[in-house]
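The values are calculated or read from the model by the stated rules, or taken from the named source; none is laboratory data. Because the structure is a prediction, the values reported are computed rather than measured. Cβ: placed from backbone, ideal geometry, glycine included. Neighbour counts: every protein chain shown.
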Amino acid sequence: MNPVELKYNKEHEYAKVEGNIVTFGITDHAQESLGDVVFVELPDVGTTVTAGKSYGTVESVKAVSDITASVSGKVVEVNTQVMDSPDLLNSEPYGEGWLIKVEADDLSSLDGLMTAAEYEAFLAQEEH
Amino acid sequence: MNELKRTPLYEEHLVAKAKLIDFGGWEMPVQYAGVIDEHHTVRTKAGLFDVSHMGEIDVRGEEALAFVQMLITNDVSKLEDGKILYSPMCYPNGGIVDDLLVYRYNSQHFFIVVNASNADKDYVWITEQAKKFNVIAENLSEQYAQLALQGPLAETVLQRITNINLSQIKYYSFAHGEIDGVSCLISRTGYTGEDGFEIYVAPEYGRQLWRKILEIGANDGVKPIGLGARDTLRFEARLPLYGNELGAEITPLEAGLGIFVKLDKVDFIGKEVLLAQKEQGIPRKLVGLEMIDRGIARSHYPLQKDGQEIGFITSGSFSPTLNKNIALGLIRADLAIQGEVLDVMIRGKAVKAKIIPSLFYKRDKQAGHSAKESGAMSEKISAK
């Protein structure tokens, strides 16, 4: 159920790569563990994010969770819809619930990410 | 790591696919369907909670009345038998040991219900104080499963399976009777801001009642509710939580519980300090906050005014009923003015919030006995 075309990190976030534009979002597992998402804080268009560093937060009723950039680059688009309707992260984490699009300086930091199959193995392992 | 304690209803939570968390050493359901859905269920229909983790301490003896009077800040001397009273219990320095409910059977027998996370500490404290009185305090926490059915439909649903006329149990009163043929203690109390009941039953019957109530309430929309919604529900109704609004470093006067502190009582633990605080001016005050900027204020976030720290957030959340982000904060009393704008420090960033009345949610008063209840309720939660 985790789309095969995406890359995943251990913080349960995904990266969708289209040329040098990378879309960030949280995985279905992440939204499931967070519960009802009620607040999303995202950077402004034009600001820069750094691979491995937090670029914002996703908050559920009970929890605050940092979101981490998987590439460095400039923010070219922000999903303002999720700021008004954070529940999109619960209902469509891989669709309308995406977070930001980044123009990557360099895609090499994506090499450390997992494929969908690897991510599912990682999830299974985490269950224990 | 210590093994987590489980309530007699643990297996039912697994069946209901609850998400379980460590709450004060207990493995408890934080949510079933989702916090927001569960929250609305309680506000509009009725929800069933497992609150078996709560502690119960029985106090009996010739001097039970005098003992409880010394132990707590509220006054049980005027309380009728069969009635319940809410009270803080303080240290000699005025800090709060816990907040609790006292059920009065008679002047020689009281039943005290305390917070789960404080139950062991409370029992030690209570037995220590009891040495000076002719009383026996017994920890009965293991002898009860406790269920809470809360929401506007609670009475209608529960009445179907009990021989007690529930309309006769007034707000903050209790009775003994049978539910589904099982002997129970039932009180019209709760921690949600809604009408409802708390049911104390022998642990071996806990699961039977849990299933029965969910079964007979299913068509009315009754669902199990986790601790997540319990927290948002109590928070909207400004019912304090120990560890958030209350603690050993906070006096009940600061926490806005002044009406539960009877300074005219002959004596009680903490009286001297609380009396002095009242006379000299209460240094801090609990206020309601509404976020002006985007953000959610969480417990322990600092509060600033003009770059100066003036207090901290005690509880903060998205409010499912009001559909906005609100909080409670303990701040310097001189700045506790309606409309005042403060900075909530969220991860180092100043986020603006405005002081608003802290009773965020109050249920509609209805005809009949619930109008009277609301009176008692407003006394309980509108404490300043």
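Given the residues B:G256, B:G311, which is the only one that is modelled with pLDDT of 95 or more, touching a strand residue (DSSP E or B) at 6+ places or on another chain (Cβ under 8 Å), away from chain A (no Cβ under 14 Å) and in a strand (DSSP E or B)? Please lay out each step first, then the result.
Working: B:G256 fails: in a strand (DSSP E or B).
Within the list B:G256, B:G311, the selection yields B:G311.
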Could you grab me the full set of residues in region B:1-25 that are farther than 19 Å from B:L209 by Cβ and either outside any loop (DSSP other than H, G, I, E, B) or within 14 Å of chain A (Cβ to nearest Cβ) (or both)? B:K5, B:K17, B:K19, B:L20, B:I21, B:D22, B:F23
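I'd like to verify a number: residues in region B:276-297 that are free of Cβ contacts under 8 Å to residues at least 60 places away in the same chain and not in a strand (DSSP E or B), how many? Walk me through how you get there before you give the answer.
Keep residues of region B:276-297 that are free of Cβ contacts under 8 Å to residues at least 60 places away in the same chain, which gives B:276, B:278-285, B:294-297.
Checking which are not in a strand (DSSP E or B) leaves us with B:276, B:278-283, B:294-297.
Total meeting the criteria: 11.
Conditions (1) closer than 20 Å to A:A15 by Cβ; (2) out of contact with any Gly (no Cβ under 7 Å at 6 or more places or on another chain); (3) in contact (Cβ under 8 Å) with a residue 60 or more places away in the chain; (4) exposed (fewer than 15 other Cβ atoms within 10 Å of the Cβ), marked per residue:
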residue	(1), (2), (3), (4)
A:L42	yes, no, no, no
A:V49	yes, no, no, no
A:G56	yes, yes, no, no
A:S72	yes, yes, no, no
A:D84	no, yes, no, yes
Taking the criterion of being in contact (Cβ under 8 Å) with a residue 40 or more places away in the chain, within 14 Å of chain A (Cβ to nearest Cβ) and among the β-branched types (V, I, T), would at least one residue in region B:46-53 satisfy it? no
Please find, among B:E80, B:E62, the residue that is surrounded by fewer than 18 Cβ atoms within 10 Å (Cβ to Cβ), in contact with a strand residue (DSSP E or B) (Cβ under 9 Å, 6 or more places away or on another chain), assigned to a loop (DSSP other than H, G, I, E, B) and outside the structural domain of B:T189 (by TED's automatic domain parsing). B:E80
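So is A:A63 surrounded by fewer than 21 Cβ atoms within 10 Å (Cβ to Cβ) and either within 13 Å of another protein chain (Cβ to nearest Cβ) or in contact with a Leu (Cβ under 7 Å, 6 or more places away or on another chain) (or both) or not? Talk me through it step by step, then tell me what you get.
Details: surrounded by fewer than 21 Cβ atoms within 10 Å (Cβ to Cβ): yes; either within 13 Å of another protein chain (Cβ to nearest Cβ) or in contact with a Leu (Cβ under 7 Å, 6 or more places away or on another chain) (or both): yes.
Yes: the conditions hold for A:A63.
Report yes if some residue within region B:207-227 is closer than 30 Å to B:L289 by Cβ, in a helix (DSSP H, G or I) and of a type in the set (A, V, I, L, M); otherwise report no.
Within region B:207-227, the first condition is being closer than 30 Å to B:L289 by Cβ, and the residues that meet it are B:225-227.
So of that shortlist, the ones also in a helix (DSSP H, G or I) come out as B:227.
This time we only want the ones that are of a type in the set (A, V, I, L, M), so: B:227.
Yes, because at least one residue in region B:207-227 is closer than 30 Å to B:L289 by Cβ, in a helix (DSSP H, G or I) and of a type in the set (A, V, I, L, M).
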